[in-house]
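One structure follows; several queries about it will come next.
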Amino acid sequence: MSTSKPSSAILLSDLTHPVVAGLISVIVNYGGTFILVFQAAQVAGLSPELTASWVWSVSIGVGVTGLLLSWISREPIITAWSTPAAAFLVTALASTPYAEAIGAYIISAAAFVALGLSGCFERVIRLIPAGIASGLLAGILLQFGIGAFGGMSVDPILAGLLIVAYIILKRFTARYAVVGILVLGLGFLVLQNRVDFSGLQLQLATPVFTMPVFSLNALLSVALPLFLITLTGQYMPGMLVLRNDGFRTSANPIVTVTSLGSLLMAPFGSHAMNVAAITAAICTGPEAHEDPSKRWIAGIAAGVFYILIGVFGVTLAAVFMAFPKTFITTLAGLALLGTIGGSLAGAMGDSKTREAALITFLASAANITLFGIGGAFWGLLIGLLAYLALNGRMPRRKAAPAAGLAAEPLAEKPAAN
């Protein structure tokens, strides 16, 4: 792949697609997974004030870290809260006092700060063959692509409208396909009175500080699992998403900045911040902008949207969660089609890694869950073992990146149609 030319001046016409990509990633994140945070808060018996503080801290933290990283690196660094960690907390908080959980969040975040400063994570990431990384991403995203069409069984009119509109727009104005289905879908829901904004009242969220309590029980039952789940389920696939779309920002500052954000926001309820995986793919692929050097605008846009939602706490998060599930899954799946196709092409492109990449794809798509660790880790592990068995050795590590955020020049990939 050729190295991209220096980024040209940003025109007004360059803003539409990355801003919409950022908005869609935020909608998918709140509409698709944020319910886990509310479930965990309910299990823990948190007051409305503490729940609003959790929403405030994780939203502001994610927004600021993503905006900062995207601005400095000029790459779409999309950050998010740890979704598998939130799912884990739904059960963990039932037996762990909230103050001890806050202490566990701090310990986990401090461990990630140490990991980012050590540089170890970047060295591990650079050992993974490109075909394996593409197979992993395609496997992770496969369920979202299937979900785009699975909605036909639940809500055939809404899902069918979005699918048909996407295909037609792709035929006549491919650049505006995702923008078009977002606007069309929202308009359709409003006309059907399926989204009610009448009771919406914007209320500023107030952060609530909780004094952390440190205990051996919380260290072993919350902090350690939280660290491992976030590392394998979020950071690893999230960095491979960036690599798959040609972005070469070092993992070290990403891990360090997001974990510092987690450390600062933990006393206010934030459980874990990290680089995003699924929602990042919406902003790193060609749908965000045909010019890779301008996709960083999507990272800025997503950061701004997260901050706005954080300022108003639970209110705006509840709006996104009120969207029908079929709308969220179909929108996400269609927005990710280009990335899924590009990942499959990358996984199958090199005959030397094709079979190992295919094994990685299938193992990741199977979403294996063992010992509380999710499918991304097991898919990657199985793929790497297959690569080692088929090739006799692992690939040689690339040269260490130069100092600074960007490890290598941005590699331009052809835009998918």
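Name, by its number, the condition in (1) without any contact (Cβ under 8 Å) to a residue 24 or more places away in the chain; (2) out of contact with any helix residue (DSSP H, G or I) (no Cβ under 6 Å at 6 or more places or on another chain); (3) hydrophobic (A, V, I, L, M, F, W, C) that does not hold for Ala165.
Condition not satisfied by Ala165: (2).
Could you check segment 101-118 and list, in sequence order, the residues that are in contact with a Ser or Thr (Cβ under 8 Å, 6 or more places away or on another chain) and surrounded by 22 or more Cβ atoms within 10 Å (Cβ to Cβ)?
Scanning segment 101-118 gives Ile102, Gly103, Ala104, Tyr105, Ser108, Ala109, Phe112, Gly116.
Cβ-Cβ below 6 Å, separation at least six or inter-chain, first residue in segment 87-100 and in contact (Cβ under 8 Å) with a residue 60 or more places away in the chain, second of a type in the set (A, V, I, L, M, F, W, C) and assigned to a helix (DSSP H, G or I): which pairs?
So the pair list comes out as Phe88/Ile229; Leu89/Ala40; Ala92/Val222; Thr96/Ala218; Thr96/Val222; Tyr98/Ala44; Glu100/Ala218.
Kindly indicate whether any position in segment 263-276 is under 25 Å from Pro129 (Cα atoms), at pLDDT below 90, within 13 Å of the chain's Cα centre (by Cα) and buried (at least 24 other Cβ atoms within 10 Å of the Cβ).
Checked against the condition, which is being under 25 Å from Pro129 (Cα atoms), at pLDDT below 90, within 13 Å of the chain's Cα centre (by Cα) and buried (at least 24 other Cβ atoms within 10 Å of the Cβ), segment 263-276 yields at least one hit.
Return a yes/no flag: does segment 238-245 have any residue that is in a helix (DSSP H, G or I), within 26 Å of Gly341 (Cβ to Cβ) and open to solvent by 10 Å² or more (accessible area, probe 1.4 Å). Show your work before the answer.
Going residue by residue through segment 238-245, those that are in a helix (DSSP H, G or I) are 238-244.
Applying the additional criterion that residues be within 26 Å of Gly341 (Cβ to Cβ) yields 238-244.
From the residues that got through so far, the ones that are open to solvent by 10 Å² or more (accessible area, probe 1.4 Å) too are 243-244.
Yes - at least one qualifying residue is present in segment 238-245.
Restricting to segment 162-200, name every residue that is within 13 Å of Leu331 (Cβ to Cβ) and either of a type in the set (Lys, Arg) or touching a Phe, Trp or Tyr at 6+ places or on another chain (Cβ under 6 Å) (or both).
Residues satisfying the conditions are Ala177, Ile181, Gly185.
How about segment 128-145: which of its residues are in contact with a Gly (Cβ under 7 Å, 6 or more places away or on another chain), open to solvent by 20 Å² or more (accessible area, probe 1.4 Å) and within 20 Å of Thr329 (Cβ to Cβ)?
Across segment 128-145, the qualifying residue is only Phe144.
Moving to a separate point now. Among the residues of segment 224-235, which ones are buried (at least 23 other Cβ atoms within 10 Å of the Cβ) and among the aliphatic types (A, V, I, L, M)?
Leu226, Ile229
Cβ-Cβ under 8 Å, sequence separation 6+ or interchain: first residue in segment 210-230 and under 16 Å from Ala110 (Cβ atoms), partner polar (S, T, N, Q) and modelled with pLDDT under 85. Which pairs?
Leu226/Ser82; Thr230/Ser82
The values are calculated or read from the model by the stated rules, or taken from the named source; none is laboratory data. If you're wondering where the values come from, they're calculated on a predicted model, not measured in any experiment. Every residue, glycine as well, gets a Cβ built from its backbone with ideal geometry; the counts of neighbours run over all protein chains shown. The protein model used for the area step is the full one, side chains on, heavy atoms only, and it has no ligands, DNA or RNA in it. Shrake-Rupley method; radii C 1.70, N 1.55, O 1.52, S 1.80 Å.
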